[in-house]
Amino acid sequence: MSANSLLEARAIDAFYGASHVLRGVDFRVGRGETVSLLGRNGMGKTTLLRTLMGLVPARGGEIRFDGDDIKGRRPSAVARAGVGFVPEGRGIFPNLSVEENLIFAEREGPGGRRDWTREAIYQLFPRLLERRANWGNQLSGGEQQMLTIGRALMSNPTLLMVDEATEGLAPMVREDIWRTLRLIAERGVAIVVVDKNLDDLKKLCRRHVILVKGEVVFDGPTGELAARDDFVRSQLGL
Amino acid sequence: MLKAPSIRALVVLALLGALFLALPAYVGAYGLKFATRMIILAIFVVSLDFILGLAGLVSFGHAAFFGVGAYAVYFVSSESEAANVFVALGAGVAGAAVAALLIGAFVCLTRGFYFIMVTLAAAQMMFSLFHDTDIAKGSDGAYIMIKPDLTIGATTLIDFDNRTTFYYVCLALLVASVLALFWLARTPFGRIVQGLKANETRLSALGYNVYQFKLAAFVVAGAFAGLAGALFACIDGFVTPELFSWHQSGLAIMMAVLGGAGTLFGPILGVLAYVSLEETLKTASLVGSFVADHWRLGTGATLVVAVLLSPDGLAGFLRGKTVPKKVEPLKDVMPAAAPRKARALATRDLSKSFGGLRAVDGVTADFAPDLVHAIIGPNGAGKTTFTNLLSGAFRPTAGQILVDGENIAGWPAHKIARRGVGRSFQRTNIFATFTVEENARIAAQAETPSVFRLSEGTARENQIAKVAHALSVVGLADRAGAVAGAMSNGEQRQLEIAMLIAGGGGILILDEPLAGMGPEETRRVVELLRDLKSDHTIILIEHDMDAVFAVADTLTVLALGRLIAHGSPDEVRRDEKVISAYLGGHAPAQGKGAPA
């Protein structure tokens, strides 16, 4: 494992019921690096995130995070190691206020870091400050998404994994989410993003990984992605 | 959905059947009575599984119908003459069915925990009725002096007093009950009953009256429980209020879960295992007096271990290949054209308040037929609430919804769906445990949403065609056999659309159909909308502005619950209010008049 590697997964296999979803996937994220995970629907993007998080068991291969072997650990242990997860579908606590949702997740990060406080989250998402007394179920889709990202940050992760954060959001809100993710990356948090908007991903991420039927078919920097445009378009169905 | 038992399970069941057929030759009177009791309990627990495992209705009062069945035999028996077996068993079944109809009429209004509580309370009321009044000798129980028989002329063909005869009658009725319930589960009616467990909301949105289906399933299960109760009364010719007790109901749930709820054959294994275990642990000569004295501890501990080892019950150990059968390949043939359905949609001063919040505030709009009407607006503008009003998921606080001029405001969701208004959901809302094909089939079947449909008859071919067509249109034809819940989010979104098409409404409401779709699917859905609009009215809620401006004929913009703009895409695109509230710089530069 190279010195600046944060997450290093090698030869990961995973199953969903009887179907073999991930087939020997290698996936690496450096410290503070921004990586996009691309592919058509049903190719294994979400499953890869869930496997890294420990929500789907990895069969075979190894997963190392910050030097530790995290394969087979419970999701709670993976989170404590410094991985924040923003799942598809958000999953905020509907009967807690915005503020309570944030307090719930408050925790020191690895090495006792406390970069992200409630104040910092409110600075990042002024909208959440306005709505901080509202219940989770009174928020609009965009506000829920902001809260989910904010909540993940409250645990001071060194890696943030974001699954389809802009899905179902109005264009202006989408723009907000992308801008915030760039700000988070500037503060040194490594980010893995699954999304459909290639143009936005190119602006945020330096490296891109394409999954096809559970295998990595492309892994390279933005420049190479642009250079192999035809290949990329055919793989993504653009 | 209910699967055919695996080959392994069939072998085990056949062996058990052979064993039970041969049993009377090898066991004495006690053993035979013991086996008879097990068989009757099995009928009871299988009947419970029909609502518990298939419909997902956890009834904690199923013993009420067992008890009614037993007491019915007492009521039709006289002290001097044997009752006819058909009269006795018929009275048990009919009595229990009527009781289930009366009780079910109330309990089926509830769901979840309340359903458990209310069924428990109803059974306790029945218990009290027979325990505390002397309609049937009260708490002491009552004797049936002469057991039922079947006598024609001078010959007695069947006599329940004959242990062996009675045993075989019970065995035959168990087999018949299981087969009958299995068959029922695979009829169009049974498909909807299983849909109750998987997704009630979606069933309503497709036009099914879920209350009627719940009640019908409840009555079917009650009737079979009544059969078991009637037989039970004939074992000893004795009935007691204890038959109604919640222990009896609880035990049935335990045996169903132990055997494998939702399989219809698992409960038989559960009964055999539980009763054998209990008898073994009670026999001091086998397990010692200490264990025998505390046998409940033993059964409890064993059950905990069993559930941990196999969460799917004993039937879970018998999973495997099923007998292969011919699968009809799905061919994309154009289904027969549906009769022309309602199409013109309009709202007048439509409003919905939640407490102090006016989520939809006096919206008046006309949606003409054969056009795509897009509704856009910021998150929280009230778009989804608006669709929930149109589809009947919410009741409007004020205002009208007109379908072909008829005001449907306040109608329940299933009635609106039957009027031809189909909808897809923003958050994927499918039958997760069903296959893709079964999902679409439930939608296609909604053209005839009545309860008592045991066969599709001539509609079958056209339903299969509708399913095949809908799946191929959204690009899921090769996924027909996949379990919907195991597919990716995007594929589930595709299935949402397929169900909407298969449902065949004339007015289609699509709530963010493109969220979660990749570029290919997006193109396909946009094409699809263009095709569909020739004979549909389409309401499209969507944030993908490229798609909206590509297909929409009119645009309606909501903000804070109010209509702020309504018109052609070009007009709306230039509207200052719309640009500042929603579009920002995002209106695609298409045609003339795009903002700078």
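Every read-out reported here was derived from the displayed coordinates using simple, explicitly stated rules and does not represent laboratory data. Only a predicted model underlies this, so the values are computations on that prediction, with no experimental measurement involved. All Cβ positions, even for glycine, are placed from backbone atoms using ideal geometry, and neighbour counts span all protein chains on display.
Run the dipole for the protein assembly as shown about the Cα centre, Lys and Arg Cβ at +1, Asp and Glu Cβ at -1, nothing else charged, and hand back the magnitude in debye, nearest 20.
On the way: 82 positive and 78 negative charges, 161 e Å.
It comes to approximately 780 debye.
Restricting to Cα atoms and excluding each atom paired with itself, what does the Kirkwood estimate give for the protein assembly as shown in Å?
Here the Kirkwood hydrodynamic radius works out to 30.1 Å.
Name the aspartates and glutamates eligible as straight-distance cross-link partners of residue A:202: C-alpha to C-alpha under 18 Å, and not fewer than 8 places from it in the same chain.
A:33, A:163, A:164, A:167, A:175, A:176, A:186, A:219, A:224, A:229, A:230
Hey, got a sec? Which GluC sites (Glu not before Pro) in segment B:390-468 land in a DSSP loop and have at most 14 other Cβ atoms within 10 Å? Each step should come with its number before you reach the end.
On the way: sites: B:406, B:437, B:438, B:447, B:456, B:461; in loops: B:447, B:456.
Here no GluC sites (Glu not before Pro) fit, given the DSSP loop and packing criteria.
Charges at C-beta only: +1 for Lys and Arg, -1 for Asp and Glu. How large is the resulting dipole of segment A:5-236 about its Cα centre, in Debye rounded to 20?
240
Could I have the simple spin-label model distance between residue B:81 and residue B:175, label points 7 Å from Cα toward Cβ, reported in nm to one decimal?
3.4
So if R0 is 51 Å, what FRET efficiency would residue B:486 and residue B:134 give, r being the distance between their Cβ atoms, rounded to the nearest 0.05?
The computed FRET efficiency comes out at 0.35.
For every helix of n ≥ 4 consecutive DSSP H residues, a contribution of -39,500 (n - 2.57) applies; sum these over chain B, divide by its total residues, and give [θ] at 222 nm rounded to the nearest 500 deg cm²/dmol.
So the helix-based figure for chain B works out to -16000 deg cm²/dmol.
As I understand it, the dipole of segment B:7-318 uses +1 on the Cβ of Lys and Arg and -1 on the Cβ of Asp and Glu, about the Cα centre. Which of B:274, B:61, B:192 lies farthest toward its positive end?
B:192
Using the Karplus curve 6.51 cos²θ - 1.76 cosθ + 1.60 with θ = phi - 60°, what ³J(HN,Hα) values do you get for each residue of segment A:158-170, in whole Hz, with x for Gly and Pro?
Ordered by residue, 3J(HN,Hα) equals 9, 9, 10, 10, 10, 10, 6, 6, 9, 5, x, 10, 5 Hz.
Which of the GluC sites (Glu not before Pro) across segment A:172-238 are loop residues per DSSP, with 11 or fewer other Cβ within 10 Å?
For GluC sites (Glu not before Pro) across segment A:172-238 that sit outside H, G, I, E and B with at most 11 neighbouring Cβ atoms in 10 Å, the list is empty.
Along its three principal axes, how long is chain B when you only count alpha carbons? Whole Å, largest extent first please.
Computed over the Cα atoms, the extents are 94, 55, 50 Å.
Whose amide H sits under 5 Å from the amide H of residue A:58, counting only residues 5 or more places off or on another chain, with H placed in the peptide plane?
Amide H neighbours of residue A:58: A:72.
If I fit a long axis through the Cα atoms of helix A:141-153 and take the longest principal axis of the Cα atoms of chain A, what angle between them do I get, 0 to 90°, rounded to 10?
80
Calculate the spin-label point distance for residue A:62 paired with residue B:357, positioning each point 7 Å from the Cα along the beta-carbon direction, and give it in nanometres.
With each label point 7 Å from Cα toward Cβ, the separation is 5.0 nm.
Find the Cα radius of gyration of segment B:7-318, compare it with 2.2 N^0.38 Å by division, and give the number to two decimals.
Rounded to two decimals, the normalised Rg is 0.99.
Tell me what chain A gives for mean residue ellipticity at 222 nm when only DSSP H runs of n ≥ 4 count, each as -39,500 (n - 2.57), the sum divided by the residue total, rounded to 500 deg cm²/dmol.
-10000 deg cm²/dmol
Segment B:1-76: which chymotrypsin sites (Phe, Trp or Tyr not before Pro) are DSSP loop and have at most 14 other beta-carbon atoms within 10 angstrom?
B:26
Where the only charges are on Cβ atoms (+1 Lys, Arg; -1 Asp, Glu), what is the dipole of segment A:116-238 about its Cα centre, to the nearest 20 debye?
Details: 17 positive and 17 negative charges, 62 e Å.
Once rounded to the nearest 20, the dipole reads 300 debye.
Want the number for residue B:158 to residue B:280: 0.36 nm per residue separation, take away the alpha-carbon distance, what's left?
Here the segment from residue B:158 to residue B:280 would lengthen by 40.6 nm.
Checking the table B:3/B:533; B:3/B:214; B:3/B:197; A:196/B:383; B:3/B:466; A:213/B:466 against a 27 Å threshold on Cα-Cα, which pairs fail?
Cα-Cα > 27 Å for B:3/B:533; A:213/B:466; rest within.
Over the residues of chain A, compute the C-alpha Rg and express it relative to 2.2 N^0.38 Å.
0.98
Considering Cα pairs under 8 angstrom that are at least six residues apart, work out the relative contact order of chain B and quote it in whole percent.
Result for chain B is 16 percent.
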